[in-house]
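Enquirer: Could you have a look at this structure, given as C-alpha cells, before my questions?
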Amino acid sequence: MIKSFSDDLPIVDIVKATKVYPPDIIAVQNVSLAVGKGELVFLTGMSGAGKTTLLKMVCCIEQPTKGVIEVAGHDLSRIRQTEIQKLRRQIGVVYQDFKILPKQTVYENIAIPMEVMYRSPKEIRKRVDQLLETLRITHKRNIQTAKLSRGEQQRVAIARAAANEPPLILADEPTGNLDSEVSGYVMELFKQLNNAGSTIIIATHDESIYRKSRHRKVELQHGLFSGHVGHRQLPLINA
C-alpha cells in the first residue's frame, strides 16, 4: 500500500547509490542525498555529470546497480509494479525530451494528469488556464504541440508536470531551451509550487537560475558529489 508523503520522513532518501551502464560506464557512484518535505534543491553540474541518471532512479525509470533509493519511505527496489504506478501519480516529472503528445493540443496535454486523477472538467479548465497564463502560452491553448517551437513544447511539459501540484516534482534542465525572460516565468511557477508545499529537485547546468537562490545547491562531478552542501536536518554526504 502506498503511504502518503509524510513530514516525518525525507521525501527522497538516496543511500550509497551507484549506477553502472554496460559495459563499465559509471554514471553515479556511491552517493547519498536526503531531501526533506517542502525543500527545493538544485542539482547542479555539467552535462554528463550524472544528474539525469539520478533523477531517473528517483522516478523508477532506472534501477541503481547498488544502494537504496526511497521515495516517501518506499524502497523503490522492493515495491510492486502496481504500487510504482500509484507512486508515480504523486510525482511530476519534466523530462529533457518532454514526452508530450504531438497530435494533442496544448490544453489536452496539460489536462491529462488531472483527468487521470478524476478531477472535474471545471477544475481542469481553471488549472490549465492558470498554468497557461503563468507560462505566457495562453494564445497557444488549442494548437497541436507538434506545431510549437521547442521552447513552447518545454513550457507545456512543465505545465503538465505541475498540473496536479504533486508532492514531488523532478525537473531535468527545465530552462534548457528558454531565454532569460521565459526562464523567469518557469522559476516563478516552481516558486509558487514550492510555497504551496511541493518538494522540488531541479537538475540544471544553468547557473543563472540558482546563483542568487537561498535554496540548497548540490553539485555533481563525474557521478560524485563535489564538496559538502549541508542542510539543517538532512545532510548530504559522499559515503
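The values are calculated or read from the model by the stated rules, or taken from the named source; none is laboratory data. For clarity, every value in this text was computed on a predicted model and none was experimentally measured. Cβ placement follows ideal geometry from the backbone for every residue including glycine, while neighbour counts extend to all protein chains displayed.
Enquirer: The conditions are (1) aliphatic (A, V, I, L, M); (2) surrounded by fewer than 19 Cβ atoms within 10 Å (Cβ to Cβ); (3) under 25 Å from LYS37 (Cβ atoms); (4) in contact with a helix residue (DSSP H, G or I) (Cβ under 7 Å, 6 or more places away or on another chain), and ILE84 fails exactly one of them. Which is it?
Expert: Failed condition: (4).
Enquirer: Among the listed residues THR65, THR18, THR82, identify the single one that is without any contact (Cβ under 8 Å) to a residue 40 or more places away in the chain, over 29 Å from LEU132 (Cβ atoms) and more than 19 Å from the chain's Cα centre (by Cα).
Expert: Numbers: THR65 fails: without any contact (Cβ under 8 Å) to a residue 40 or more places away in the chain; THR18 fails: without any contact (Cβ under 8 Å) to a residue 40 or more places away in the chain.
Answer to the selection: THR82.
Enquirer: Within the range 90-109, identify whether any single residue is under 19 Å from the mean Cα position of the chain (by Cα), under 30 Å from VAL20 (Cβ atoms), outside any loop (DSSP other than H, G, I, E, B) and without any contact (Cβ under 8 Å) to a residue 24 or more places away in the chain, and answer yes or no.
Expert: No, there is no match, as no residue in the range 90-109 is under 19 Å from the mean Cα position of the chain (by Cα), under 30 Å from VAL20 (Cβ atoms), outside any loop (DSSP other than H, G, I, E, B) and without any contact (Cβ under 8 Å) to a residue 24 or more places away in the chain.
Enquirer: I need the full set of residues from the range 9-60 which are among the β-branched types (Val, Ile, Thr), surrounded by 21 or more Cβ atoms within 10 Å (Cβ to Cβ) and part of a strand (DSSP E or B), in order please.
Expert: VAL12, ILE14, VAL28, VAL31, VAL35, VAL41, THR44, listed by residue number.
Enquirer: Next up: Inside the range 67-81, can you point out the residues that are of a type outside the set (A, V, I, L, M), in a strand (DSSP E or B) and surrounded by 15 or more Cβ atoms within 10 Å (Cβ to Cβ)?
Expert: GLY67, GLU70, HIS74
Enquirer: Among the residues of the range 165-181 satisfying the criterion of being surrounded by fewer than 18 Cβ atoms within 10 Å (Cβ to Cβ) and in contact (Cβ under 8 Å) with a residue 12 or more places away in the chain, which is nearest to the chain's Cα centre (by Cα)? Walk me through it before giving the result.
Expert: Quick first cut of the range 165-181, residues surrounded by fewer than 18 Cβ atoms within 10 Å (Cβ to Cβ) only: 165, 176-177, 179-181.
Pick out the ones that are also in contact (Cβ under 8 Å) with a residue 12 or more places away in the chain and you get 165, 176-177, 179-180.
Values: GLU165: 12, GLY176: 14, ASN177: 16, ASP179: 20, SER180: 20 Å.
Checking each candidate, the answer is GLU165.
Enquirer: Go through (1) farther than 21 Å from GLY197 by Cα; (2) at pLDDT 95 or above; (3) of a type in the set (Ser, Thr, Tyr) one by one and return the number of the condition THR82 breaks.
Expert: The one condition THR82 does not meet is (2).
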